[in-house]
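Trainee: Before I ask anything, let me first share the structure, which is written out below as structure tokens.
The values are calculated or read from the model by the stated rules, or taken from the named source; none is laboratory data. These numbers were taken from a predicted model, which means no experiment stands behind them. We place every Cβ from the backbone using ideal geometry, glycine too, and count neighbours over all the protein chains shown. For accessibility, only protein heavy atoms count, side chains too; no ligands or nucleic acids. Shrake-Rupley method; radii C 1.70, N 1.55, O 1.52, S 1.80 Å.
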Amino acid sequence: MNTNDYLLIFCKIFGSLALLIYGMKVMSEALQKMAGSQLRHILGAMTTNRLTGMLTGTFITCAVQSSSATTVMTVSFVNAGLLTLAQAISVIMGANIGTTFTAWIMSLGYNVDLSMVVFPAFFVGIMLIYNKRRRYIGDFLFGIAFLFFALVLLSGAGKALDLEHNPAAIHFFSSFDVNSHLTIVMFLIIGTVITCIVQSSAAVMAITILLCSTGVLPIYLGIALVLGENIGTTATANLAALGANTQARRAALAHLVFNVFGVIWVLCLFYPFVDFVCQWTGYDPNNNNHLTQAQIAARLPIVLAAFHTAFNITNTCLLIWFIPQIERVVCMLIQPKPNKEEDDFRLRFIQVGIMKTPEISVFEAQKEIQSFAERIQRMFAMVKALLNEKDKEKFAKEFERIEKYEAISDNMELEIAKYLNQVSDAHLSDDTKGKIRAMLREISEIESIGDSCYNIARTIHRKMESKAEFTEKLYSNIEQMFELTNAALTQMNQLMKRPKESFNPNHTVYIEHEINNFRNQLKTQNIEDVDNNLYSYSVSTMYMDIIQECEKLGDYVVNVVEARIGVEKL
């Protein structure tokens, strides 16, 4: 073959790998969309002990066909406080077992001509994609068709490359001593680096199967690449955890520690372990002269898939009893950061950089909005404290803190809205689109509550600067209005913490009516008091500014509740 032929074949191989990665992505996302919130409920409900956690991780990874998706999801739940670190480690162990199912699918693609299945799957998939109710099934069919089509193309490219009759390729791979642990470690590192770069263990597995099935890459070196893939695939979860809290970063690191421990012990028993797996699959790595090249090409993908499965199951069975020890190791390696000021701006639940599936992204945004609402109620508590502060120095510090919270409120609205806009760029269901619209309205109204708190604080600051003084009756009225307003905020935060179906909004509406009636009563009384010269007009203006702003704040709370429960007007 000439240079142009080789160039064409390599272009075909790289294009097939790109198609394989895309097919895996489409298939995984379609499965996750079909499962919807059930994945979240399964993860939360079925991790009561290490065994159920492991089985849950296995089931979910087999279902979504992506260990990276499962581990990123698990890290997100640890970040949100839904899973403990020990529960997360057991789920991640199960994910390692579940991902072996992908290797068996790929070995099937190399051993069976799937051309007759691929094209009907494309045809059926395109029809279902345009069906609103079944479009995710169409996406799944397209993804799996792309996956199998890529495997067919890779198999054809491997045969066309004809490496088994290429002296240069044979000489290159035969120059490595397969009986040297140093060579095994070198190929393990190569597998790790390549997997970290392409962010797809499936693609590296496809390359490994391609090289082994041609007969030029010895099975020992191919298995070393597979071991490297197990370490490299942990990069996704660790990248996702960079912006997360300490526990989430520990969960991601536990995935790496678990796989590294597994690789260390298997390296110590490398040749006996590999020989056992080969014997189990009917292949002798040291003497296969009795097999034809076609038989070798058919068996080696099965050997690689069998080793991948045997390694991960054995590793999990060994290390599942050492979850507390793994937990201590990662806690020792990742120390908690020094406590930041509560007043510092930092998103707690949203992890930027790597976008998850819409279901997980929406869940993270909901948790962040819940945190936003709690922060705003703390801001209102500062305003209440400011009213009764007489010391000028303490008053100035408290007012400065409220100003800082107002800036944080503006930033949180912008950051959450930006994240939701990123999520909305994905292919979303109508239900998810509705959730995002509601959340955008929620953050806008919560930010308005922050503005009202700041306006009340500014009025109190103006009173302090002018050295005006409220009467005891005015203080009592303001305190009563503050109590009603705080009760409304408490109701709002209770709604944020539980399913909207279990929340009765009538109590919020009742409080808002009480606020309105009390505001009207105070407004009438204020006019009479000014006419009777009980206090000056400037004092009455500041007093009513506070009362009116509390009434506005109550309206914003009702708007948040309306957006949360999905109604136009309560």
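Trainee: Test each condition in (1) in a helix (DSSP H, G or I); (2) under 38 Å from the mean Cα position of the chain (by Cα) for ASN504 and report the one that comes out false.
Mentor: Against the list (1) in a helix (DSSP H, G or I); (2) under 38 Å from the mean Cα position of the chain (by Cα), ASN504 comes up short only on (1).
Trainee: What number of residues within the stretch 331-373 satisfy the criterion of being open to solvent by less than 40 Å² (accessible area, probe 1.4 Å), modelled with pLDDT of 75 or more, closer than 29 Å to LYS397 by Cβ and part of a loop (DSSP other than H, G, I, E, B)?
Mentor: 0
Trainee: Inside the stretch 365-381, can you point out the residues that are polar (S, T, N, Q) and closer than 16 Å to PHE349 by Cβ?
Mentor: Across the stretch 365-381, the qualifying residues are GLN366, GLN370, SER371.
Trainee: Could I ask something else about it? From (1) over 30 Å from the mean Cα position of the chain (by Cα); (2) modelled with pLDDT under 85; (3) within 20 Å of THR99 (Cβ to Cβ); (4) not charged (D, E, K, R), pick out the condition that doesn't hold for VAL204.
Mentor: Tallying (1) over 30 Å from the mean Cα position of the chain (by Cα); (2) modelled with pLDDT under 85; (3) within 20 Å of THR99 (Cβ to Cβ); (4) not charged (D, E, K, R), VAL204 fails exactly one: (1).
Trainee: So, one more: When the residues of the stretch 72-87 are narrowed to those that are open to solvent by 10 Å² or more (accessible area, probe 1.4 Å) and among the polar types (S, T, N, Q), which ends up modelled with the lowest pLDDT?
Mentor: Here the residue is THR84.
Trainee: Residue check: is ALA488 farther than 30 Å from ILE565 by Cα, within 43 Å of the chain's Cα centre (by Cα) and open to solvent by less than 10 Å² (accessible area, probe 1.4 Å)?
Mentor: no
Trainee: When you look at ASN493, is it out of contact with any Pro (no Cβ under 9 Å at 6 or more places or on another chain), part of a helix (DSSP H, G or I) and modelled with pLDDT under 95, yes or no?
Mentor: Yes, satisfied.
Trainee: Which count do you get for residues in the stretch 511-551 that are of a type in the set (Val, Ile, Thr) and over 19 Å from ILE456 (Cβ atoms)?
Mentor: 3
Trainee: For the stretch 254-269, name all the residues that are open to solvent by 30 Å² or more (accessible area, probe 1.4 Å) and either part of a helix (DSSP H, G or I) or among the hydroxyl-bearing types (Ser, Thr, Tyr) (or both).
Mentor: LEU256, VAL260, PHE261, ILE264, TRP265, LEU267, CYS268, listed by residue number.
Trainee: Somewhere in the stretch 412-423, is a residue open to solvent by less than 50 Å² (accessible area, probe 1.4 Å), at pLDDT below 85 and assigned to a helix (DSSP H, G or I)?
Mentor: Yes, the stretch 412-423 contains at least one residue that is open to solvent by less than 50 Å² (accessible area, probe 1.4 Å), at pLDDT below 85 and assigned to a helix (DSSP H, G or I).
Trainee: Could you tell me which of the residues HIS290, HIS255 is at pLDDT below 90 and more than 27 Å from CYS212 (Cα to Cα)?
Mentor: Exactly one of HIS290, HIS255 is at pLDDT below 90 and more than 27 Å from CYS212 (Cα to Cα), namely HIS255.
Trainee: Can you tell me which residues in the stretch 510-535 are among the β-branched types (Val, Ile, Thr) and touching a residue at least 24 places away in the same chain (Cβ under 8 Å)?
Mentor: ILE511, ILE515
Trainee: Please name all residue pairs, on different chains or six or more residues apart, with Cβ atoms under 6 Å, provided the first residue is in the stretch 5-28 and is touching a residue at least 60 places away in the same chain (Cβ under 8 Å) and the second residue is of a type in the set (S, T, N, Q).
Mentor: Close Cβ pairs (under 6 Å, with a partner that is of a type in the set (S, T, N, Q)) amount to ILE21/SER200; MET27/GLN65; SER28/GLN65; SER28/SER66.
Trainee: Which residue, of ILE436, ILE402, is in a helix (DSSP H, G or I) and either among the aromatic types (Phe, Trp, Tyr) or touching a residue at least 60 places away in the same chain (Cβ under 8 Å) (or both)?
Mentor: Matching residue, one of ILE436, ILE402: ILE436.
Trainee: Name the single residue, out of those in the stretch 58-71 being closer than 19 Å to PHE363 by Cα and open to solvent by less than 10 Å² (accessible area, probe 1.4 Å), that is modelled with the lowest pLDDT.
Mentor: Per the criteria, the residue is VAL64.
Trainee: Regarding LEU227, is this residue surrounded by fewer than 24 Cβ atoms within 10 Å (Cβ to Cβ) and either more than 29 Å from ILE89 (Cβ to Cβ) or aliphatic (A, V, I, L, M) (or both)?
Mentor: So LEU227 fails the test.
Trainee: Something else about it: Suppose we filter the stretch 497-544 for residues that are more than 14 Å from GLU562 (Cα to Cα) and open to solvent by less than 60 Å² (accessible area, probe 1.4 Å); how many remain?
Mentor: Number satisfying all stated conditions: 17.
Trainee: So for the stretch 456-479 (the condition being touching a residue at least 12 places away in the same chain (Cβ under 8 Å), open to solvent by 50 Å² or more (accessible area, probe 1.4 Å), under 30 Å from TYR537 (Cβ atoms) and of a type in the set (S, T, N, Q)), does at least one residue qualify?
Mentor: Scanning the stretch 456-479 turns up at least one residue that is touching a residue at least 12 places away in the same chain (Cβ under 8 Å), open to solvent by 50 Å² or more (accessible area, probe 1.4 Å), under 30 Å from TYR537 (Cβ atoms) and of a type in the set (S, T, N, Q).
Trainee: Can you list residue pairs whose Cβ atoms sit under 7 Å apart, with the first residue in the stretch 275-286 being at pLDDT 85 or above and the second being of a type in the set (D, E, K, R)? Count only pairs 6 or more apart in sequence or on different chains.
Mentor: Within 7 Å, the pairs are CYS278/ASP284.
Trainee: Identify all residues within the stretch 12-31 that are of a type in the set (A, V, I, L, M, F, W, C) and open to solvent by 80 Å² or more (accessible area, probe 1.4 Å); write none if there are none.
Mentor: Of everything in the stretch 12-31, just one residue is of a type in the set (A, V, I, L, M, F, W, C) and open to solvent by 80 Å² or more (accessible area, probe 1.4 Å), namely PHE14.
Trainee: Which of (1) in contact with a helix residue (DSSP H, G or I) (Cβ under 9 Å, 6 or more places away or on another chain); (2) surrounded by 12 or more Cβ atoms within 10 Å (Cβ to Cβ) does GLN494 not meet, given it meets every other one?
Mentor: Answer for GLN494: the failing condition is (1).
Trainee: Going by the conditions given, is LEU217 part of a loop (DSSP other than H, G, I, E, B), touching a Gly at 6+ places or on another chain (Cβ under 9 Å) and more than 19 Å from ASN96 (Cβ to Cβ)?
Mentor: Here the answer is no, as LEU217 does not meet what is asked.
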